[in-house]
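Have a look at the structure below before the remarks.
The values are calculated or read from the model by the stated rules, or taken from the named source; none is laboratory data. Note that the structure is predicted; figures quoted are calculated from it, not measured. Because the Cβ atoms are built from the backbone with ideal geometry, glycine has one as well, and the counts that use them run over all protein chains shown.
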Amino acid sequence: MKSKELPLRKCIACGQMLPKDQLFRLVKLQGQVELDLTYKAQSRGAYICRNKDCIELAQKKKSLNRAFKGVVNNEIIDKLFMELEDGR
Ligand SMILES: [Zn+2]
């Protein structure tokens with residue numbers, strides 16, 4: 001049996017559609033972009049692949065600024081890298 005299918009979401013860096021468990025979810029809460037590890041925050045979200053290349057690409061292309069229509073603090077990029085390292 002196939003495992004339960006997850007909805008597909010688009011990575012803001014590479015543009016690929018992937019099951020959301022392979023992506024980080026980012027949301028803007030009270031003006032701050034945060035990592036939403038629960039995938040449940042009630043806010044508009046943006047998704048990014050759980051890999052170093054896409055995080056670096058997003059940083060380079062300022063994809064987050066575009067996704068959230070404003071300047072996004074680089075701290076969130078550091079947070080994503082930290083989260084990646086924790087997960088391995
Ligand atoms: Zn990607």
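Screening VAL33 against (1) under 22 Å from LYS61 (Cα atoms); (2) touching a helix residue (DSSP H, G or I) at 6+ places or on another chain (Cβ under 8 Å); (3) in a loop (DSSP other than H, G, I, E, B) leaves a single unmet condition, (3). Does region 51-68 hold any residues that are away from the ligand (no atom under 12 Å from the Cβ) and more than 12 Å from the chain's Cα centre (by Cα), and which are they? Passing the criteria: LYS60, LYS62, ASN65, ARG66.
Residue pairs whose Cβ atoms lie under 6 Å apart, sitting 6 or more positions apart in sequence or on different chains, and linking a residue in region 13-32 that is over 17 Å from LEU80 (Cα atoms) and free of Cβ contacts under 8 Å to residues at least 24 places away in the same chain to a partner that is within 13 Å of the ligand (Cβ to nearest atom) and outside any loop (DSSP other than H, G, I, E, B), are MET17/LEU8; MET17/LYS10. Residue count for region 5-34, restricted to those that are surrounded by fewer than 16 Cβ atoms within 10 Å (Cβ to Cβ), more than 14 Å from the ligand (Cβ to nearest atom) and aliphatic (A, V, I, L, M): 2. Residues in region 10-28 that are over 10 Å from the mean Cα position of the chain (by Cα) and more than 18 Å from ASN73 (Cβ to Cβ): CYS14, GLY15, GLN16, MET17, LEU18, PRO19, ASP21.
Restricting attention to region 35-88, which residues are surrounded by 16 or more Cβ atoms within 10 Å (Cβ to Cβ) and among the hydroxyl-bearing types (Ser, Thr, Tyr)? If the condition is that a residue be surrounded by 16 or more Cβ atoms within 10 Å (Cβ to Cβ) and among the hydroxyl-bearing types (Ser, Thr, Tyr), then TYR47, SER63 are the ones that fit.
For GLY31, indicate whether it is modelled with pLDDT under 95 and under 10 Å from the mean Cα position of the chain (by Cα).
Numbers: modelled with pLDDT under 95: yes; under 10 Å from the mean Cα position of the chain (by Cα): no.
Criteria not met by GLY31.
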